[in-house]
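Encoded as C-alpha cells, the structure appears first; notes follow it.
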Amino acid sequence: AGTRTPLMAGNWKMNLDHHQATHTVQKLAWTLKDAKHDYAAVEVAVLPPFTDLRSVQTLVDADKLEIVYGAQDVSAHESGAYTGEISPLFLAKLGVTYVAVGHSERRQLHHEDDALVNAKVRSALSAGLVPILCVGEPLEVRKAGEHVPHTLAQLDGALEGLSAAQVAGLVVAYEPVWAIGTGETATPEDAQELCEAIRVRIAELYDQLTADAVRVLYGGSVKSSNVASIMAKPDVDGALVGGASLDPEEFAKIARYQ
Ligand code: PEP
C-alpha cells in the first residue's frame, strides 16, 4: 500500500439497532485496545445505519475512541423536499468521516445509476465527507470477461467533473457483486487486477500523484482467514467488510491482518 494508510471499514448494512451498535462499537474498541491496535497504522471505521450514528458519536466522544464512523448512503441534495433522504450536512454535524456511495445493493435494489452516484459523491465532498465509492461487476459481466471495462466505466461516471484534489482524497472500493455476501471471495490476484486497474485509470484521468494518493479497498466476503493474502497485494489499501464486521472480535482480527 506504499505510504497510504490502510483502511478497514465495516459496512453493517441494515443490521444492529442503536443499543446493539453501542455494544458492538464498545466491544470492538476493547478488543482492539487489548491487542494494542495502532490506529495510525491501520484506520478502523464502522458504517452503521443512520439511526445509530448519534449513539456511535456519543460513545466515540465520551470514551475518546479512535474508531471513526461513516454512513451507508447520502442524499445528492443539501435540503428540501426530499422525503426520507439524509443530507450530507446532517452527517457532517454528527462527526461522520466516511460515506459509502454507489454500493451494489443501492445500484441494484434502488436503481442508482452512474449519474446519481456522481451527484452523491459531489454532495458528500461538498460537506467535507470522504466518499467510499463502490464499483464492481456482476457475475455475468465477469463470465463474459468484461469486468475491467465495466468497473472502469462506473469509475469514470462517478468521477465526472471532479478535480484532482477532490479525487486524491477519495476512497474507492472494488466490490465484485458476485463476492458480496456470498461467501465467495475474489482471489488476491482478482482483487489486485482491479485495484491496480482503478489506480491506472485515475493516473490517466488525472496524474500519478493523485492515483498514488487514492486508497483502493477490496470488498466481498472478507474474513480474518483471507484478509492477509488480499492485503499483501500492492494496490489493495484495505477492505470494505460486510457480514464479518457485525462480529466485533472477527472485525478486530480483520483490522489486525498483519
Ligand atoms: C459489503 O457489503 O460491502 C460487503 C463486502 O459485504 P460482505 O463482506 O458480507 O460480502
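Rounded, prolate or oblate: pick one for the stretch 42-131, where a ≥ b ≥ c are the square roots of the eigenvalues of its C-alpha gyration tensor, a/c under 1.5 means rounded, and failing that, prolate if a/b is larger than b/c, else oblate.
Judged from the Cα gyration tensor, the stretch 42-131 comes out prolate (a/c at least 1.5, a/b above b/c).
Highest first, please rank the peptides 131-137, 219-225, 244-250 by the mean number of other Cβ atoms sitting within 10 Å of their residues.
The densest-packed peptide leads the list: 131-137, 219-225, 244-250.
Quick check on the chain: helices-only [θ] at 222 nm, where DSSP H runs of length 4 and up contribute -39,500 (n - 2.57) each and the sum goes over total residues. Nearest 500, please.
For the chain, the value works out to -12500 deg cm²/dmol.
If we count other beta carbons within 10 Å of each Cβ, what is the order of THR83, THR31, fewest first?
THR83, THR31
Return the distance in nm (one decimal) between the two label points of a simple spin-label model at SER229 and LEU94, each offset 7 Å from Cα along Cα→Cβ.
Label-label distance for SER229 and LEU94, simple model: 3.8 nm.
Working out 0.36 nm times the residue gap between HIS111 and LYS36, then minus their Cα-Cα distance, what length gain in nm do you get to one decimal?
Residue separation times 0.36 nm, minus the Cα-Cα distance, leaves 22.8 nm.
Give me the three principal axis extents of the stretch 1-157 from the C-alpha atoms, as integers in angstrom, largest value leading.
Computed over the stretch 1-157, the largest-to-smallest principal extents equal 47, 42, 28 Å.
At R0 = 35 Å, how high is the FRET efficiency between ASP63 and LEU209 if r is their beta carbon distance? Nearest 0.05 is fine.
For ASP63 and LEU209, the calculated efficiency is 0.40.
Mind counting lysine pairs for me in the chain? Cα separation below 21 Å, and the two need to be 8 or more apart along the chain or on different chains.
Lysine pairs satisfying the spacing and distance rule in the chain number 19.
Jot down the per residue volume, in cubic angstrom and as a whole number, of the convex hull over the alpha-carbon atoms of the stretch 124-258.
107
Please work out the Cα center distance from the stretch 1-20 to the stretch 143-165, rounded to the nearest Å.
Taking the Cα centre of each part, the stretch 1-20 and the stretch 143-165 sit 23 Å apart.
If packing is taken as the mean number of other Cβ atoms within 10 Å per residue, what is the order of 32-38, 55-61, highest first?
Answer by packing, highest mean first, reads 55-61, 32-38.
Which of THR22, PRO234, SER245 sits farthest toward the positive end of the charge dipole of the chain, with +1 on the Cβ of Lys and Arg and -1 on the Cβ of Asp and Glu?
Of the options given, the answer is THR22.
Each reported figure results from applying straightforward, stated rules to the coordinates on display, with no laboratory input. The structure presented is a predicted model; accordingly, all values stated were derived computationally and were not measured. Neighbour counts are summed over all protein chains in view; Cβ atoms, including those assigned to glycine, are modelled from backbone coordinates with ideal geometry.
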